[in-house]
Structure formats: structure tokens, C-alpha cells
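I have placed the structure first, in the form of C-alpha cells, so that the comments after it can refer back to it.
The values are calculated or read from the model by the stated rules, or taken from the named source; none is laboratory data. What you are looking at is a predicted structure, and each value in this text was computed from that prediction instead of being measured. As a convention, Cβ positions derive from the backbone with ideal geometry for all residues, glycine included, and neighbour counts pool all protein chains shown. Note: areas computed on protein heavy atoms with side chains; ligands, DNA, RNA excluded. Shrake-Rupley method; radii C 1.70, N 1.55, O 1.52, S 1.80 Å.
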Amino acid sequence: MKIAVDAMGGDHAPQEIIKGVEAARDQYPDIEFLLFGDEQQVTAEIKNHERLQLIPTTEMIEMGEEPVRAIRKKKDSSIVRAATAVKEHQADAFFSAGNTGAVLAAGLLIVGRIKGIDRPGLTSVLPVPNPELAQSNFVYLDTGANAESKTKNLFEYAYLGKFYAQQVLGVKEPRIGLLNNGEEEDKGDRLHKEVWQQLNDATDLNFIGNIESGALLSGKADVIVTDGWTGNAALKATEGTAKTVLKLIKHGILHGGLRAKLGYLLLKPVFNQIANVMGTSTYGGAVLLGLKAPVVKTHGASKADAVANTISQIKTMIDTNVIQQTVDYFGHQELVDNPTEND
């Protein structure tokens, strides 16, 4: 198993990227890594060269660059070279913490779409912070690959999410929910009403209906489908709320006197447990589902632990052959009732 790594992508590259790769290498003896990046910078961070192959690059796509233009102009960048290695079957998957748009563009333009997929969806695994439920996380897509979507896009996302939940999360019969502005079936605009109808008519989907954004982390569904604009906005609102609550708690502790500080010391293990459940590094990166190979983007601020967890996620995708299952379904079987496009 070979994973192509953009060693130059992210706020803490290449140091934390290499550190995370080496941790994953030590954990998984069946993985080899192709590291794409500046030879001098990357070499300086490598502690052990076992199963690490450095491919020097001379260019780097910065965070603020226009994605498609950068992909076409900087052919010797770490992102383009890593994606090309997957296209040419020199690697099984591509991982980066760099420019999100450039990673998505490289995945789409270089790695390529699966036959039958109109638009790939950016897919995240999010936590279900309820210890009373056996379910600990769920699949959420699209989280921002497509600002505008058609009915068939969201219909395809339901199948992409279903296969991912089955193979990677081990959910036998995933419950599929549609993110909407109300639980009633007649809620939403024309797009969401059409999607609801198509999902409800599909006999091979366990569709449970609409889910409101306030119940996003409630554990009601194993897969939640949405358009990219709404999905990204709801995700960022959820993350922002969590950060605000943590700031309020921290402020209360610091300004609450001795009793508050003593209470914090007693509850510190609980806070650490909550941080682990809600931390962005725990569940790996966002996968661009619908491509011919795993293309995974993790947060730009990712440290070594997030990198290692993302590699573990990629390994599971390859081990369970989830991409091939998707290829087989969309390549050889028509979607149920052939949903009408929402132009």
C-alpha cells in the first residue's frame, strides 16, 4: 500500500506532516509513503527513512492561490505531483493539509471522477457527543466541494455516504437523513423537496427523512446529506458555537475565583475526554468521495496526531475497497428511478 503525501501543505508543514507520517509508518508495517516536497526542508525533518521515498518538487501552491489556475500553472508543485502519482498508479491514495481548493481541483482534474458520478462530494466524519448512544460518529456530505447542487448530486451523495458508512464505519444498514429547515416532508425549497422525494422512493436506501441543523450532532442518522453551501455553513456554525462555549467556560474558570479553579482541577479529566471527542484531529480528514482513488484533505492547522489519524482513515478505505464498491455501483447499475435533474 502506497500513499502519496503533500509534505508541504498546511500551517505546520513539513515538520508536523513528516512527524505524523512517521508515526503512521511505525504503526502500519504494510504502508509505504511517497513524500512530495522541497528536498532540503523535508529531508531535515525525517528521522528514519524506512518506507519513506522523497520525490523532490520545486514549486508550492500557497493557501491563498486560485485553485484551478495554480494546478494548471504549477506542474511541479507537491499537490500536483502527488495527485499525478495516484493517476499513474504509482500510489493508492493522495493526502494533503494544503490549499483545500487546489486539493479538490487536483482530485477532480488529475485523479478523475468515477463513471456515473456527476460531482464528487467533500465528506467528513463528525462526532455524536452522546455517551448514551452506541453510535459515536456519522458521515456528512457535501461539506463544501460544490456551492451549487442539483437533485441528482444529493441523491448520489446518499449512496456515496452509505457505502462509506458501511465499509469505513462498519454500519450495516446506515440511516440516511437530509439536512433541511424542518423535519416535515414538505419543508425546504424546490431542490430539497425533490431530493426528499427521490430518497424516499429509493428502495435500497434506509431514508429516515429530514434533519434540522440543530440536530446535526444528535445521532439521528448515520449519513446526513446536504448541498455544499448549506453543509459548509452549518458545519462552520457548529464549530464556531463549540469554540464560543469553550471560551465562555475558560473565562468563567479564570475569573471565578478559587472555587472555580479547584473545580476545574477536579474536572480536568472530563474536559480532556470532551476535547478528545470533539477534536478535529480525532476523526481524520475530509474525503472527496466520487473519485477513482482516495483523495483526503485534512485541516490546514493539523498537527502530527491528526496526520496519523488521517492515514489510518485512508488505510481503512483501501483495506475495505470502498472506492471499488462505488465504481461498481455507479458503473454497472442505474440509480433507482433515475432522479430528475434540478436545473
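For the pair Leu267 and Thr241, a Förster radius of 30 Å applied to the C-beta separation gives a FRET efficiency near 0.90, rounded to the nearest 0.05. Accessible surface for the range 1-92, divided over its residues, is 52 Å² per residue with a 1.4 Å probe.
Counting charges near Gly219 (Lys, Arg +1; Asp, Glu -1) among other residues having Cβ under 12 Å from its Cβ returns a value of 0.
Considering only protein heavy atoms and a 1.4 Å probe, what is the carbon-and-sulfur percentage of the accessible area of the chain? C and S fraction of accessible area: 50 percent. Of all the options Phe271, Phe138, Phe36, the one that moves most in a Gaussian network model of the chain with Cα springs shorter than 10 angstrom is Phe271. Would you tally the net charge around Pro56, using a Cβ to Cβ cut-off of less than 15 Å, leaving Pro56 out, and scoring K and R as +1, D and E as -1? Computed value for this residue: -3. DSSP beta bridges fully contained in the range 70-229 are about 30 percent antiparallel. Remark: spin-label model distance Glu50-Asp26 equals 1.0 nm, labels positioned 7 Å along the Cα→Cβ axis. Across the range 82-126, the mean sequence separation of Cα contacts (distance under 8 Å, 6 or more residues apart), normalised by length, yields a relative contact order of 37 percent.
Going 7 Å from the Cα of Thr58 in the Cα-to-Cβ direction, what parts of the range 65-96 have a backbone nitrogen less than 12 Å from that spot? Within reach of a label on Thr58: 75-77. Between Ala286, Ala93, Ala134, the GNM of the chain built on Cα springs shorter than 10 angstrom shows Ala134 fluctuating the most. Sparse packing (at most 14 other Cβ atoms within 10 Å of the Cβ) combined with a DSSP loop state is found for the following GluC sites (Glu not before Pro) in the range 49-97: Glu50, Glu62, Glu88. Name the shape class, rounded, prolate or oblate, that the alpha-carbon gyration tensor gives for the chain, where a ≥ b ≥ c are the square roots of its eigenvalues, rounded holds for a/c under 1.5, and otherwise prolate holds if a/b is larger than b/c and oblate otherwise. Verdict is oblate for the chain. Taking a Cβ cut-off of under 9 Å around Ile18, the surrounding Lys, Arg, Asp and Glu residues balance to a net charge of -1, with basic ones at +1 and acidic ones at -1.
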